[in-house]
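Enquirer: One structure is given below, represented as structure tokens, and several questions about it will come after.
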Amino acid sequence: MVDVFARASLCYLTNRCDEGFRLVYDSLRISSEKISLNWEEQEVFCFVSMNLLEKRYQSWLKLTHLLTKSTGFVEHQSIESYIETIRNEMILYSDQIFDLVQNYFLVTSKQESIFYLNLQGDIHFYLSQISQFNTKLQHFHSSLRFYNRSLQISSENISAVYNKALLFILITEEYDRARDLLTNTIDEFEKKQISSGELRSLQNYLQNKLLDFHFVEPSTIVKQNNHQTNR
């Protein structure tokens, strides 16, 4: 497996993440037992997996924007076809990633458990953006469930802070309050010398998640849910 992940890493560096993921997926699928990945291999798997999803997600965003500006019937149908293709590819890759995480990776530590839970939470977050109606909400709730499970393992206090920050982001859209809350909490942990690699990793993760929420305008999820309820 060392050679497989070395080749997958090269694929990532040369912008061939589809090929890199296929290498890892096919190699693990023929394994007769679960495999424990070291930290470097986990990073390669995460980079390759999320890169192929993120690129398709960016394409999906651009196409949905073009769809609102399309005027001709043929052009509209063509863009919708591309959007559906990208959606199906993201769903397929996501299912394969979930399959590997749940059935082929051996989790031997708390840190590994947190890593895989966050990864699954991120993937469900992407799926919530490209999905429609009830499926959108299902993926969004799954995303939150994985994040919460991860944070419960990390720290109950951190979990409470994160949930409060998430409330600011999703309901009131007070991004500055959410960021200040996270920053102040992490500062307090460091003053008490409770800081750890786990906490620092969580800080980076939360900062990236704030950027994600800024970008995709999560209030649309809440508004859509309210609209469906009113109907």
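Enquirer: Filter region 81-113 down to the residues that are under 16 Å from the mean Cα position of the chain (by Cα), crowded, with 16+ Cβ neighbours inside 10 Å and of a type in the set (Ser, Thr, Tyr) and list them by number.
Expert: Tyr93, Ser94, listed by residue number.
Enquirer: Output yes when any residue across region 6-22 is in a loop (DSSP other than H, G, I, E, B), touching a residue at least 12 places away in the same chain (Cβ under 8 Å) and surrounded by 12 or more Cβ atoms within 10 Å (Cβ to Cβ), and no when none is.
Expert: No.
Enquirer: Do we find a residue being under 19 Å from Gly20 (Cβ atoms), in contact with a strand residue (DSSP E or B) (Cβ under 8 Å, 6 or more places away or on another chain) and at pLDDT 90 or above anywhere in region 111-133?
Expert: yes
Enquirer: Could you list, in sequence order, all residues of region 29-60 that are over 15 Å from the mean Cα position of the chain (by Cα), exposed (fewer than 15 other Cβ atoms within 10 Å of the Cβ) and not in a loop (DSSP other than H, G, I, E, B)?
Expert: The answer is Arg29, Ile35, Trp39, Glu40.
The values are calculated or read from the model by the stated rules, or taken from the named source; none is laboratory data. From a predicted model like this one, the values you see are computed outputs, not experimental measurements. Backbone-built Cβ (ideal geometry, glycine too); neighbour counts: all protein chains shown.
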